[in-house]
Amino acid sequence: MITPGHIAFDIDGVFANTMALFLEIARRDYGINHIRYEDITEYFLEECLDIDPEIIRVIINRILEGDFETELKPIDGAVEVLAEFAEAQPLLFVTARPQLSPIKEWVHRMLPLKPFGIEVIATGTFEGKADVLDARGIQYFVEDCLETCFMLSEHAITPILFRQPWNRSSPHPFREVGSWAEIRALVNLHSS
Ligand SMILES: [Mg+2]
């Protein structure tokens, strides 16, 4: 069991259903209807999707800047479990996004009025996550990017891989979870 305060979370692909938003923007604004969620078999979209790389780049930039009309939805169960954690401990989210404010506002909108603080840190790089987690004494990090999991494990942080179609292609030694119910089951809220 993991002690609260020793675990932190990635946002895109773990808390936020960012790939579903990508597909929704592609459909609504670019008429791209033939891609399914399961087709996203690589973390870097241009490596797996039959979409003009320039359109991929534009959509990703729009997502990073919060420039879209449709909603960024949470992954099933995330809000309920995180709200429960937030009653017991401060929450830490660490994203490799370069821009903090759109995603920080989204996190606070999803988890309003929690008694303990909710901190959102944008590192701008994958490597930057290890330093942030290390400085805060975080031992476990829930992450959907397999390459980042390997990087974290080299820095003595235990990654927990959130299963997604884009992290299925390579073998790895990490614990996996497929839902927020599974994350909930790993944490002992009664210890500290
Ligand atoms: Mg992610």
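The values are calculated or read from the model by the stated rules, or taken from the named source; none is laboratory data. Keep in mind it's a predicted model, so treat the numbers as computed, not measured. Heads up, the Cβs are rebuilt from the backbone with ideal geometry, glycines too, and the neighbour counts pull from every protein chain shown. Side chains included, ligands, DNA and RNA excluded: accessible areas come from the protein's heavy atoms. Shrake-Rupley method; radii C 1.70, N 1.55, O 1.52, S 1.80 Å.
Okay, here's what the table says:
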{"item": "For the stretch 52-107 versus the stretch 163-192, the gap between their alpha-carbon centres in whole angstrom", "result": "19 Å"}
{"item": "Test item: Cα-centred dipole of the chain, Lys/Arg +1 and Asp/Glu -1 on Cβ, debye", "result": "520 debye"}
{"item": "Among LEU152, LEU45, LEU113: highest mean-square fluctuation, GNM of the chain, C-alpha pairs under 10 Å", "result": "LEU113"}
{"item": "Mean residue ellipticity (222 nm) of the chain, computed from DSSP H runs ≥ 4 via -39,500 (n - 2.57), nearest 500", "result": "-11000 deg cm²/dmol"}
{"item": "Label-point separation, LEU100 to PHE116 (7 Å along Cα→Cβ), nm", "result": "2.1 nm"}
{"item": "Probe 1.4 Å, accessible area per residue of the stretch 115-192, Å²", "result": "48 Å²"}
